[in-house]
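Asks: After the structure tokens below, expect a handful of questions from me.
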Amino acid sequence: MKKFTDEFKIVEEVIQKVGKTIVLGTPLGAGKSNHIINAFYQKAIANPTIELTICTGLTLQRPKGGSDLEQRFINMFEERIFGDYPDLDYELARTTNTLPNNIKVIEFYFPPGKFIKNNKAQQHYISSNYTHVVRDMVDRKINVLTQMVAHKTINGESLFSLSCNPDVTIDMAALLEDCGYPVAMIAQVNQNLPFMYGEAVVKDDFFEYVLDDSSKYYKIFGPPKMSVSDADYMIGLYCSALVKDDGELQIGIGSLGDSTVYNLLLRHQQNDVYQQILKDLKVNDKFGKEIELLGDTAPFQDGLFGATEMLVDGFMHLYKAGIIKKKVYDNFQLQYLINADLIEADFKDDILEVLFKNRIIRNRLTQVDFNFLQEWGILKEGLTFEDDLICFEDGDKFRAILDDAASLNTLKTKCLGSSLKHGQMMHGGFFLGPEEFYQWLRDLPEEEKKLINMKSVQKINQLYGYEMINRLHRKNARFINSCMMTTLSGAAVSDGLEDGKVVSGVGGQYNFVAMAQELPDGNSILNLRSTRFEKGKLKSNIIPFYGHITIPRHLRDIVVTEYGIAFIRGKTDAEIIKALLNITDSQFQEELLSWAKKVGKIEADYQIPALYKNNTPASYLSVLKKYKKENFYQPFPFGTALSKKEIKIGKALKALKKDLASKPALIKTIFKGLFLSPQPQDKELLEAMQLLHPKNMQERLYQKLLLAKFRAFGY
């Protein structure tokens, strides 16, 4: 390992080693080593004979406004939230279509919607399941691998933590060892990263080049929390009722994930309120059979285990509430006995007999048995094993024989521990979240931090290769993900449009959906908002068919909208259509039913039951309004880095952006604004946007538009 404080010196040495054709791999999300990547970029800019290809996913960028108004808004909080986070030069160039010819960026996952209109980015997108990324990147002959890491000295040993991104690095490094061409492994130390344990910990010789300069310890990218809409809260409510106790949970980032977490907390902490909400919304009348079969609505007793490619801050809240508390163990025999209720994590004194009965240890304990028992905490520390005898620290010894009453009594009274060691409550491939989440991870005591095992997505997103232990860990698994649209045949559209334009990426969704099909008590839950606005018109997200799908119909399982639950696994085509119509916005139900009848996929005389024909926002808003008065279902359930002033302005801008998609709506807003003048309550908001005293006609128009929205929201 060579240590540097100058990233450009690393680049010079790497080029000497691998040559001028550089295929640089770097993790998705927050784990990129921005200074090193920028140094490679600048070197390639200065020397056009260098061919630089950057392979990655989910490149993060400080927010840029799509308009002057949006940029004014962003300027209010950008430095406070993003601090000294350095943007990636290639991303700034790519978003402005100024990448030079000798630099190419290949990504397998876009920030949702960011590159819809960017032809170059669309052309260089690579569609890969997350578990195939390592293979696909190595096939492109990656010869430079770089990542941000945390450093720590433990018991005199210098160690790195891959922290937020062990997801592909561990597997890729292993493949690159035998690739047959020169490879450079580079780390950039950033002590703002939490030092995570589990498989994230590597020895310092894992990397050949290390950039460690405290002046480059920049703030980890932490997007602010966004508001949760009423429709999202309803989706989360239904999802929360499908999660079983003593199970496993996977959720994603964003408002839909937050809504599920919020409702799980409500179910656990204030179950009487939760049950009343379900009753008020007639959830059991409509979907009681599905909930009884697949889920539960009681508080959690055994708790949940979290295993997710993306460890989001929602897991922090579930852990603090005592919902994420189920421990799993990376030992097949012990986990099997736990699942069979034969032993517990806090075990009883009959554990040795249970282990013997199940042929895990011998009657006469051997060195192998002793090592196993002590490693997992069944036998206390401080004991040793010599000449087939267990030795106490005071020098006493005895022969451990289970069918000898005196020997067994000594084992039980003097040698047993109290609970199993090495339990884990969460597995994660990578993490991303607000600053509060990072601070929580940094502050966690080491013992608690070790309950989180950051590991390869190969071990999280699929069963293959680790099937025996993964099946045991994934008892009652619920994989909750989002999609954009669902067809009446049960196929899901999650990553792209039918014209080929990529919205985001497949990521791990297909893996989790497919894995759910292989687990006898597992389920995939795909949630979506029932409608969307497109060019100012309301459209259904449940559609007859579509020219692109992400999840094929044969992997259908559970679909959730704000109107309820459709359990469609194993159902006939007509049954699927009926279930999906029951959770479709009523404005589109008859149109979709008519299509199904026309093509012969449903009985000609079928009618949607009356119980499901009132699927309108008003049907749930009246209920939510009651609970909002009691401080439930607030826009930011877990807080936000945005101030109250910024929240107000953001809400107005969001509404204004919606108006821009509809010419009549925009004209109406302009007309309202023309007759409004700033009032005392507007001063702070307009000053923040630098529009209290407009300097020109454009700023006067901006002011009027904002005033119209301020009045609409009652500011």
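The numbers here are math on the coordinates, done by the rules we state, and not lab data. Only a predicted model underlies this, so the values are computations on that prediction, with no experimental measurement involved. Glycine also receives a Cβ, built like all others from the backbone with ideal geometry; neighbour counts cover every protein chain displayed.
Asks: Report ³J(HN,Hα) in whole Hz for each residue of the range 385-401, in order, from the Karplus equation J = 6.51 cos²θ - 1.76 cosθ + 1.60 where θ = phi - 60°; Gly and Pro get x.
Replies: Result, rounded to whole Hz: 10, 9, 6, 6, 10, 7, 10, 8, 4, 7, x, 5, 9, 7, 8, 8, 10.
Asks: Can you compute 3J(HN,Hα) from phi for each residue in the range 283-288, using the Karplus curve 6.51 cos²θ - 1.76 cosθ + 1.60 with θ = phi - 60°, rounded to whole Hz and x for Gly and Pro?
Replies: 5, 5, 5, 8, 9, x
Asks: May I ask you to compute the full-extension gain from residue 518 to residue 203, defined as 0.36 nm times their residue separation minus their alpha-carbon distance, rounded to one decimal in nm?
Replies: Working: separation 315, 0.36 × 315 = 113.40 nm, distance 3.59 nm.
Length gained between residue 518 and residue 203: 109.8 nm.
Asks: Which ³J(HN,Hα) values, rounded to whole Hz and listed in residue order, are derived for the range 136-146 from phi using the Karplus coefficients 6.51, -1.76 and 1.60 in 6.51 cos²θ - 1.76 cosθ + 1.60 with θ = phi - 60°, glycine and proline given as x?
Replies: 5, 6, 5, 4, 8, 6, 4, 10, 9, 10, 9
Asks: Separate question: Length gain on complete extension for the stretch residue 532 to residue 658, per 0.36 nm per residue less the alpha carbon to alpha carbon distance? Write down the numbers at each step before the final one.
Replies: On the way: separation 126, 0.36 × 126 = 45.36 nm, distance 1.11 nm.
Net length gain for the segment: 44.2 nm.
Asks: Using the beta-carbon distance between residue 713 and residue 359 and R0 = 60 Å, what value does 1/(1 + (r/R0)^6) give for FRET efficiency, to the nearest 0.05?
Replies: Values: r = 68 Å, r/R0 = 1.14.
Calculated transfer efficiency: 0.30.
Asks: Compute the FRET efficiency between residue 677 and residue 120 as 1/(1 + (r/R0)^6), taking r as their Cβ-Cβ distance and R0 = 51 Å, and round to the nearest 0.05.
Replies: Working: r = 46 Å, r/R0 = 0.91.
Between residue 677 and residue 120 the formula returns 0.65.
Asks: Can you find, among 485, 589, 696, the residue farthest towards the positive end of the dipole of the chain? Put +1 on the C-beta of Lys and Arg, -1 on that of Asp and Glu.
Replies: Result: 696, furthest along the dipole toward the positive end.
Asks: Once fully extended, how much extra length lies between residue 49 and residue 413, figured as 0.36 nm per residue of separation less the alpha-carbon to alpha-carbon distance? Intermediate values should be presented prior to the final figure.
Replies: Values: separation 364, 0.36 × 364 = 131.04 nm, distance 7.37 nm.
Length gained between residue 49 and residue 413: 123.7 nm.
Asks: Right, next: Of 221, 210, 200, which is farthest along the charge dipole of the range 176-227 in the positive direction, counting Lys and Arg as +1 and Asp and Glu as -1 at C-beta?
Replies: The Cα lying farthest towards the positive end belongs to 221.
Asks: Given points 7 Å out from each Cα along the Cα-Cβ axis, report the residue 546 to residue 12 separation in nanometres with one decimal.
Replies: So the two model labels end up 5.2 nm from each other.
Asks: Using label points projected 7 Å from each Cα along Cα→Cβ, tell me how many nm separate residue 442 and residue 387, to one decimal.
Replies: 5.5 nm
Asks: I need the shape label for the range 448-538. Rule: rounded when a/c is under 1.5, else prolate if a/b > b/c, else oblate, with a, b, c from the alpha carbon gyration tensor.
Replies: Numbers: a/c = 2.36, a/b = 2.04, b/c = 1.16.
Since a/c reaches 1.5 and a/b is larger than b/c, the shape of the range 448-538 is classed as prolate.
Asks: Please report, in Å, the Rg and the Dmax of the range 276-337, where both are computed over Cα atoms only.
Replies: Values for the range 276-337 (Cα only, Rg and Dmax): 15.6, 46 Å.
Asks: Residue 163's amide H: which non-local residues (gap 5+, or another chain) put their own amide H closer than 5 Å, with H modeled 1.01 Å from N in plane and none for Pro or chain starts?
Replies: HN-HN under 5 Å from residue 163: 150, 196.
Asks: For residue 105, enumerate residues with amide H under 5 Å from its amide H, sequence gap 5+ or separate chain, H modeled in the peptide plane.
Replies: It is 54, by chain and number.
Asks: Let me know the charge dipole size of the chain about its Cα centre in debye, to the nearest 20, where only the beta-carbon of Lys, Arg (+1) and Asp, Glu (-1) is charged. Walk me through the numbers on the way to the answer.
Replies: Values: 89 positive and 89 negative charges, 734 e Å.
Here the size comes out at about 3520 debye.
Asks: Here's a follow-up. Mind running the shape call on the chain? Use the C-alpha gyration tensor, a ≥ b ≥ c as the square roots of the eigenvalues: rounded below 1.5 for a/c, prolate if a/b tops b/c, oblate otherwise.
Replies: Working: a/c = 1.82, a/b = 1.26, b/c = 1.45.
Taking the square roots of the gyration eigenvalues as a ≥ b ≥ c, the chain is oblate.
Asks: Ok, one more. Mean shadow of the range 562-614, computed from the convex hull of its alpha carbons, in nm²?
Replies: Values: hull surface 14.3 nm².
The orientation-averaged projected area of the Cα hull of the range 562-614 comes to 3.6 nm².
Asks: Turning to a different aspect of this structure: Can you list residues from other chains, or at least 5 along the same chain, whose modelled amide H is less than 5 Å from the amide H of residue 247?
Replies: Those qualifying (amide H under 5 Å, at least 5 residues apart or on another chain) are 305.
Asks: Under a Cβ-only charge scheme (Lys and Arg +1, Asp and Glu -1), can you give me the dipole magnitude of the range 296-336 about the Cα centre, in debye to the nearest 20? Mind dumping the intermediate values first?
Replies: Working: 4 positive and 5 negative charges, 36 e Å.
The calculated dipole for the range 296-336 is roughly 180 debye.
Asks: Using a/c under 1.5 as the rounded threshold, could you call the range 314-448 rounded, prolate or oblate? The axes a ≥ b ≥ c are square roots of the C-alpha gyration tensor eigenvalues, and prolate needs a/b larger than b/c, oblate otherwise.
Replies: On the way: a/c = 3.00, a/b = 2.15, b/c = 1.39.
It comes out prolate by the Cα gyration axes.
Asks: Choose one of 22, 76, 33: the residue whose Cα lies farthest towards the positive end of the charge dipole of the range 20-96 (beta-carbon charges +1 Lys, Arg; -1 Asp, Glu; about the Cα centre).
Replies: Comparing the listed Cα positions along the dipole, 22 ranks first.
Asks: Given a Förster distance of 41 Å, report the FRET efficiency between residue 614 and residue 325 from their Cβ-Cβ distance, rounded to the nearest 0.05.
Replies: 0.55
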